[in-house]
1. Distance check, please: which entries in 226/346; 241/322; 226/258 exceed 28 angstrom between their Cα atoms?
2. With the full set of protein chains in place, find how many percent of the accessible area of the stretch 296-342 is carbon and sulfur; take the probe as 1.4 Å.
3. Multiplying the sequence separation of residue 335 and residue 146 by 0.36 nm and subtracting their Cα-Cα distance, what value in nm do you get?
4. Could I have the simple spin-label model distance between residue 346 and residue 91, label points 7 Å from Cα toward Cβ, reported in nm to one decimal?
5. Kindly rank 332-343, 286-297 from highest to lowest mean number of other beta carbons found within 10 Å of each residue.
6. Using Cα centres only, tell me the gap between the stretch 169-199 and the stretch 218-262 in whole Å.
7. For the stretch 277-317, what does the accessible surface come to per residue with a 1.4 Å probe? Please give it in Å².
8. Would you grab the residues whose amide H sits under 5 Å from the one on residue 148? Only those 5+ places off in sequence or on another chain, please, with H modelled 1.01 Å from N.
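The values are calculated or read from the model by the stated rules, or taken from the named source; none is laboratory data. Predicted model only: the values in this text are computed from it and were never measured. Note: ideal-geometry Cβ built from the backbone for every residue, glycine included; neighbour counts use all protein chains shown. The accessibility values were calculated without ligands, DNA or RNA, using every heavy atom of the protein model including side chains. Shrake-Rupley method; radii C 1.70, N 1.55, O 1.52, S 1.80 Å.
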Amino acid sequence: MKVNILTQPLFCNYGGILQNYALQQVLIKMGHEPLTINVPTRMPGKSVVWKDTFKTMRNLMRRWQGAYQYPFLNPHTFSVKEHELSFPQREFVAKYIRKADERAPFTADTCERYPADVWIVGSDQVWRPWCSPYITNCFCDFVPDNVRKIAYAASFGTDNWEIDSTTTIKISELGKRFHEISVREESGVCLSRDVLGLAATHVLDPTMLLSAEDYLRIISDEPQGKESYIATYVLDLNKEKNKAIKRLSLKYNLPLRKVGRMHRDRFDSVESWISGIARAERVITDSFHGTVFSLIFGRPVKIMGNELRGNTRINSLLSLLKPEPDADGFYTMTSESRSRLADWQKTSLEFLSRALSSD
């Protein structure tokens, strides 16, 4: 079957790109033809001056306070001339992901341009309003009733309801048109039921449907250093986190290596990001997908809270797999954790297979 996927824009978000890659790989293995309908970033020169100025001042202030490491870029509103920043993530997308760029908001014409048997919404925070300004599109308001609609591992990103009452009524009705709905967090099951009146199944993030070996094949050409290190992927660094990171580096006598860096005018590639986590002795992160890939590769991972981006996703994952923390708070996958992961992989794949094939 032809399957169209609607997710967050394939921009500079490592986890966002890899969850889409993983979902496409799973669908291909099932014998389907996936296509991601990608929302590109705003065209060069289409900036909103006061907003861009505000963001620049905010980021400079955060840098001065020692709380800034990675730009908090919303790809729906981000505006930059193409030559100002280099995004090697695009190279990964071009190589591994089948996509078609389409400007939002989507309309019925979108379905005519990209006909499909099924539309899948997810994963990532597609149902969080600040991440998805065209949130009714993420409930397939433009897709005809006779086309199957599925949500796979869609996320609200939080356990608090952030959508206004008028939009809540709209998406509740739109959700009833879905054939099957699954969400990435247990809190999402509750929000779907209690706020939207929708039945939802709890499933794994798509990245966890692939094995460590699947990802190691991607990075087989990446150079391997001989030095052991602690990988750090901390999206929102502050003085307290920085102090804790340095203390752990000294305790374990391991140098620190930042992964997913933006240095000068260039980000690290997706392959380099994966490799940096896979080959680390330990990982320190405040990122959901940083945590996910640490667990996939069996790396002990220290998770630093990040209220700004939401801790619900990470807490739900830890509750699901139950890795064990050591005295320093590094979580490690145990035999029970690996068994739980295998069970959840089976359940999640069964859901996806059933949703694609059932009447």
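1. Over 28 Å Cα-Cα: 226/346.
2. On the stretch 296-342, the fraction of accessible area on carbon and sulfur atoms equals 47 percent.
3. Using 0.36 nm per residue and subtracting the Cα-Cα distance, I get 63.6 nm.
4. Placing both labels 7 Å along Cα→Cβ, they lie 4.1 nm apart.
5. In decreasing order of mean packing, 332-343, 286-297 become 286-297, 332-343.
6. If we compute the Cα centre of each part, the gap is 38 Å.
7. 27
8. Hits under the 5 Å cutoff: 119.
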